[in-house]
Structures are given as C-alpha cells and as structure tokens.
Amino acid sequence: MKSRLAILAFLIVMGAPARAQQLDPAAQWATMAATQYEVIPNIVYTRASGFDIKLDVILAGPRTEARPTLIHIHGGGWVIGSKETSVLASLPYLTRGMNVVNVEYRLANIAPAPAAVEDCRCALRWVYHNAKEYGFDTARLVVTGESAGGHLALMTGMLDSSAGFDNIMCGWWPFERGPFPVAAVVDYFGIADVANLLDGKYRQDYAVAWFGSLPNRLELARRVSPLTYVRAGLSPIIMLHGDQDVIAPYQDTVRLHEALDKAGVTNQLFTVTGGGHGGWTRDQYADAQKAVFTFLEDHGILHR
C-alpha cells in the first residue's frame, strides 16, 4: 500500500509541470502579446493651445509587416477622460492582429469646440504620414470610439478637407487637402446631432460646456454633427447603441442610420435592447463585439 501511494505521489509531482504549461487560450494570447507586441507611448503628434497632444501606438507584430490598424478615441463628453483610462477597449482588436493608435485630444478645459475634431483629424494625418515606420496599412484603417469618442470617430471618418477642420497646423506638416480615407467607422453610442444637446428635451451639460460662451455655438454645433456630413461615397459605418440611451440620444443615431441608408452608404445599426449609455451586460458587449468583427470581415478589413 505504501509503495502504491509513493508511486501515485511521484506521478502527481511529475505531472504537475506539464499541466501548468497548458494555458487557456486567453493566457496563451496574453503571453504571446507580452513578448511579441510593442508599445510606444506618449508620442506627440501635434501641439496646440500650448499643449502637447499625444497618442500611444501598440504594434501587433514587426514594423516591417503592414497590418490593419485601429484608431481609438476615448469618450468623456469632450470634457473628461483620457487615452490611458480607455486603453482596454482596444484589446479585442489586438487579439485579431490589428495595430492600435490610442489618441488623446484637447478637452474643453484646454480648448472649446471644435478643437477635439481638429485634433482627431490631425491624428489621422499622423497615421498616414507614419504608416511605413510603424506598419499601418492605410487601406485597412478603422476609427472607433465610445460616446464623445464615437462622435469623434464619426467626424474623423466622415469629414473631408472641404469641411474646414484640416486648416490648422498639424504637427510638422503644412495644410494638406488629403484625402485621408478610412476603411470603416465603428461608433459605440456616439452623438449624431450635437445641436440637439444644447437646448430642449435632450440638453446635456457636457455638450453646453464643450461650447462654453462661443457666440455662434448653435451654428458650430451643426458643423460638428455627423448628420451634417451624410453623403454618398462614405466609408462603411457600424453604429452600436442602447435603445434606452438619453445621454447620447438613441433616436439621433436612428436618424443617422436612416440618412445613411437614403444616401446609399453601407451601414449597420446594432441596437442593444434595453441598453443605456454603455454599462451593458457582459453578453450584450460580447454580442456587439461579434457584430463589429463580422462587419469588418464582410468588408475585407479582417480575415475570417
């Protein structure tokens, strides 16, 4: 009996290292990413209002290989938030081998509207100018964000230089006409009609704060509203929005969806039934991410 117990103990001890080496898929990916991915933080992509405006780059492999690239823009109502606190939103895309450019922009306490729009358009130009150095595939650029970041993702992907937001000095490059197209926009509960938030039923203090005491705030709010720029020829857009959201009104995203349909723009509205302004359940977020990946696969940005 003692000999059998000794043999069993020996087998358990000898087998333990083998079992410990069998990582689950998430741990396997994390271990690979920790050793093979590269992070380049706090790159100054431009300077404005006496402020160094920065972005982080996360490379999902060697710089010599061009990869689909995600430009991520944080939320916070244009008044709070940071790229650092939202970096985990990019994890699903990193698992699919995408590079990530995580962007900050001037908040309202540094510069009012439309500074955030100008900065994000400038970040897009930075990606184009640095594509070869970092392995950004400019034919497979995706811009995304949540809430105010979703609004800025829409504006970054829908604008062209004729809108006038590319007129600022961007980094070390003179004014350029572009174009700087993206392959797709992924909008998580972003603001589609900014003017709708300045007064009336859907008035939001964060939106009012973004414009401050600007005398032409209503006109400017229309100029920074994605609904203003709906036209044929836009890149594919997927919008993910809770139907109970009143902070960034769901109804305005429905209007954007209908306007895009009318203009013949490829788009999808993924409605989270019962969902508010984020804060969705784990299953709701998982279903939304599946919809995003399917959308990007359908348009040749990601391989199935």
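The values are calculated or read from the model by the stated rules, or taken from the named source; none is laboratory data. Nothing here was measured: the structure is a model prediction, and the numbers come from that model. Cβ coordinates were reconstructed from backbone atoms using ideal geometry, including for glycine residues, and neighbour counts include every protein chain displayed. Ligands, DNA and RNA are stripped out before the accessible areas are found, and what is left, the full protein with its side chains, is counted by its heavy atoms. Shrake-Rupley method; radii C 1.70, N 1.55, O 1.52, S 1.80 Å.
Three principal axis extents describe the C-alpha atoms of the range 54-124; from largest down they are 38, 21, 13 Å. Averaged over residues, the count of other Cβ atoms within 10 Å places the peptides 272-279, 54-61 in the sequence 54-61, 272-279, highest first. Packing, as the average of other Cβ atoms within 10 Å across residues, places the peptides 216-222, 71-77, 93-99 in the order 71-77, 93-99, 216-222, highest first. The label-point distance for residue 299 and residue 29, in a model that sets each label 7 Å from Cα toward Cβ, rounds to 2.1 nm. Shape index of the range 182-304: Rg/Rh, with Rg the Cα radius of gyration and Rh the Kirkwood radius from the inverse mean 1/r over Cα pairs, equals 1.00. Restricting to bridges with both residues inside the chain, how much of the DSSP beta-bridge set is antiparallel, in percent to the nearest 5? Once the DSSP bridges in the chain are tallied, antiparallel ones form about 35 percent.
For the chain, the dipole from Cβ point charges (+1 on Lys and Arg, -1 on Asp and Glu) about the Cα centre works out to 640 debye, to the nearest 20.
Here the range 174-304 exposes an accessible surface that is 51 percent carbon and sulfur, computed with a 1.4 Å probe and the other protein chains kept in place. If the segment from residue 84 to residue 214 were pulled out straight at 0.36 nm per residue, it would be longer than the present Cα-Cα gap by 43.8 nm. One compactness figure for the chain is 1.15, namely its Cα radius of gyration divided by 2.2 N^0.38 Å. Per residue, the range 232-304 exposes 49 Å² of solvent-accessible protein surface, assessed with a 1.4 angstrom probe and all protein chains in place. If you run the Gaussian network model on the chain, springs between alpha carbon atoms under 10 Å, then out of 281, 228, 35 the most flexible one is 35. For the chain, the mean residue ellipticity at 222 nm estimated from helices alone is -11000 deg cm²/dmol, where every DSSP H run of n ≥ 4 contributes -39500 (n - 2.57) and the total is divided by all residues, rounded to the nearest 500. A simple spin-label model places pseudo-atoms 7 Å from Cα toward Cβ; at residue 40 and residue 132 they are separated by 1.4 nm. Of all lysines in the structure, the ones whose alpha carbon falls short of 18 Å from that of residue 83, not counting any fewer than 8 places away in one chain, are 54.
Compared with the dominant Cα axis of the chain, that is its longest principal axis, helix 115-129 is turned about 60°.
Relative to the current alpha-carbon distance between residue 286 and residue 95, full extension at 0.36 nm per residue lengthens the span by 67.3 nm.
Highest mobility in the GNM of the chain, judged by mean-square fluctuation with C-alpha springs under 10 Å and restricted to 114, 215, 236, is found for 215.
Per residue, the range 50-190 exposes 32 Å² of accessible surface when a 1.4 Å probe is rolled over the protein heavy atoms with every protein chain present. Between the range 222-257 and the range 48-85, the C-alpha centres lie 22 angstrom from each other. Largest GNM mean-square fluctuation among 280, 78, 210, using the chain with Cα springs under 10 Å: 280.
Measuring between their Cα centroids, the range 192-211 and the range 136-168 lie 21 Å from each other. In order along the range 206-221, phi translates into HN-Hα couplings of 5, 5, 4, 5, 5, 9, x, 9, 4, x, 9, 4, 5, 4, 5, 4 Hz, rounded to whole numbers, per the Karplus curve 6.51 cos²θ - 1.76 cosθ + 1.60 with θ = phi - 60° and x for Gly and Pro.
Working ranking of peptides 195-207, 243-255 by packing, defined as the average number of other Cβ atoms within 10 Å per residue, highest first, is 243-255, 195-207.
Working note: Cα gyration tensor of the range 212-277, eigenvalues times five, square-rooted, sorted largest first, giving semi-axes of 22, 19, 7 Å. Remark: relative contact order (the chain) = 14 percent; criterion is Cα-Cα distance under 8 angstrom and separation of 6 or more residues. Surface composition of the range 17-131: carbon and sulfur make up 58 percent of the accessible area, probe 1.4 Å.
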